[in-house]
Amino acid sequence: MKIINTAEVVPTKLNAQEREWVYNGMDACLTAEILDVLLPQLDNATGATYAFSRSLQGPVLEMRCRGVLIDQERKAEVIDEYYGKLDILSENLENMCGHAWDMYDFNWRPNSKDLVELFYNRMCIPPIRKRGRPTCDRAALEKIGDYFIAKQIVAHIILARDLFKKIQMLQTEIDHDGRMRTSYNIAGTDTGRLSSSFSEFGTGTNLQNIEESLRSVFIADRGYKLAYLDAEQGESRCVGAIEWNLLGDARYLDACEGGDLHTTVAKLVWPRDLPWTGDTRTDRKLAEQPYYRHYDRRFMCKKIGHGTNYGGKPATLAAQAKVDIKLIEDFQPKYFRAFPAHLRWHERVRRTLTGDGYLVTLTGRKRWFMGKRNDDHTIRQAIAYDPQGSLADILNNGMLNVWRARDCQVLMQIHDAILIQYPEHEEDKIVGLVRKQLEFPISLANNRVLTIPYGVKTGWNWGAYDETTNPDGLKTYRPGDKRKSSAPVPILDRVIRRVYR
């Protein structure tokens, strides 16, 4: 490779290989020069964050390289099942739109002109606009579905779109060894959470947002078992810890540590919709019944609770949680009466942001806010920053401990949870060790300590356990689990797994 003086070279006189040399050389050199300028600007807080981010390169690289094994047979079965349902929906739409509205060969896919023609021109429904143009996106369709004349057609279109998205995800290209990989970005968010996308080879996808119904195709390696460890009420506990530190008010933290906060919120939002019993386990099962798409009420109450914690308004939260705005308007005053420190904390953040322009989290992560300091959007970002950033650091520190201990293989980091695999005959020993390794205690005011516990579910695939449809799925961990994997392993799969382990 020859030396090229980039200050004197004429770019048009370089051949293709020389242009690549220059590009890569400048990429490396400029990065090093920029680092020399930035390092002296780091203070104790930002320096610690930089060092921690570098330490995460080990587990992140290993997760990228290892990936997760895909059950090819199960994947093909699910795709065939979804295509069968999609064919039925398409046929129904063809009949409804063709016979009733003279629109044969109706195209229900997003951005199709047929949607605007059907709903706004032929049905004469008042157009819903986005950036000035008529739209039929999901939010618009849900509003259109309130009209009796469009209700059945809209229901079919939404279900068809959901199925099509699931099929697309299942058809995501995997690597030659039968594994799906993702590319994690350590600095991909402002809060410290990892972000993910397709792998460096163009295969795989964002594995942090795989919905529950698709997870059963992700399986453990032969002789291994999966464990999914999820931070219990992690963000809420961080909010309680912040209020204890800043305001000396322990009510919210005590509520988090004393029970199931999200189910309690569900009971406040829907006080008369479900037969609440007062028993924690029974009420949680009621709250976990299907509510909207693949979400249950308890999950929606995470949105409502977190949204309220972070200054969300009733109209926004009602739209996100798919509930009537009146429910949120009735809920929030009760919630703030029960936990008055929330509003005091919001005001404290507002004053700090206005005066300093930056915040430092419980875990010491510092962030400057570049937007207008008195802007509502910037203030809401600032309110959410500390609990979200603190939980991200707590989880990632725990994951780093697990990775360094080498008692298991870390497969994925999913926002507030990690997925690991381990030799199945060592389950009780390893689950206990990993739970302990994940603990990352944070010292609080007056000698109080925040330690976030982790719920554990184990199984041979990442889907939810069902005795009939998915007996190998994740089930709440109990020591001494006697389950055995029911999935037969084809000879070819055994050879492939042995070769690529």
Practice item. Calculate the spin-label point distance for T451 paired with T6, positioning each point 7 Å from the Cα along the beta-carbon direction, and give it in nanometres. Key: 5.2
Check your understanding: Which one of G178, W101, G311 has its Cα pushed farthest toward the positive end of the charge dipole of the chain, where Lys and Arg give +1 and Asp and Glu give -1 at the Cβ?
Key -> G311
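Between D273 and I325, take the C-beta separation as r, use R0 = 25 Å, and let me know the FRET efficiency to the nearest 0.05.
Working: r = 16 Å, r/R0 = 0.63.
That pair, D273 with I325, gives E of 0.95.
Can you tell me which of 231-243, 264-276 comes out highest on packing, and rank the rest after it, using the mean Cβ neighbours within 10 Å?
Values: 231-243: 24.0, 264-276: 17.1.
Most protected by this proxy first, the peptides run 231-243, 264-276.
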Exercise for review: May I ask you to evaluate 6.51 cos²θ - 1.76 cosθ + 1.60, the Karplus curve with θ = phi - 60°, for each residue of the stretch 316-324 and list the ³J(HN,Hα) values in order in whole Hz, giving x for glycine and proline?
Suggested key: 5, 5, 4, 5, 5, 8, 6, 10, 5
Study note, to complete from the structure: Scoring the chain by relative contact order with C-alpha pairs under 8 Å, at least six apart, yields a percentage of 17
**Study point:** Calculated FRET efficiency for the pair I34/K85, C-beta based, R₀ 60 Å, to 0.05
**Key:** 0.70
Practice item. Apply 1/(1 + (r/R0)^6) to the Cβ-Cβ distance of A76 and S55, taking R0 = 60 Å, and write down the FRET efficiency to the nearest 0.05. Key: 0.90
Exercise for review: For every other residue with a beta carbon closer than 13 angstrom to the beta carbon of L14, add +1 if it is Lys or Arg and -1 if Asp or Glu, then tell me the sum.
Suggested key: 0
Check your understanding: With each label point set 7 Å from Cα along the Cα-Cβ vector, what nm distance links N206 and D43?
Key -> 3.3
Revision key, fill the gap. Whole-Å distance linking the alpha carbon centroid of the stretch 1-37 with that of the stretch 46-115 is 40
Point to revise | Relative packing of 17-29, 423-435, which averages over residues the other C-beta atoms within 10 Å, highest first | key: 423-435, 17-29
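Report the charge-dipole magnitude of the chain in Debye, nearest 20, computed about the Cα centre from +1 at each Lys and Arg Cβ and -1 at each Asp and Glu Cβ. Can you show the working numbers first?
Values: 71 positive and 66 negative charges, 167 e Å.
So the magnitude is around 800 debye.
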Point to revise | Loop sites in the stretch 55-152: trypsin sites (Lys or Arg not before Pro), DSSP, at most 14 other Cβ within 10 Å | key: R131
Check your understanding: Distance in nm between label sites at M26 and K482, each 7 Å beyond Cα in the beta-carbon direction?
Key -> 6.9
Review point. Tally Lys and Arg at +1 and Asp and Glu at -1 over the other residues with C-beta under 10 Å from the C-beta of A464: what net charge comes out?
Key: +1
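Here, each number is a calculation from the coordinates, and none is a lab measurement. From a predicted model like this one, the values you see are computed outputs, not experimental measurements. Backbone-built Cβ (ideal geometry, glycine too); neighbour counts: all protein chains shown.
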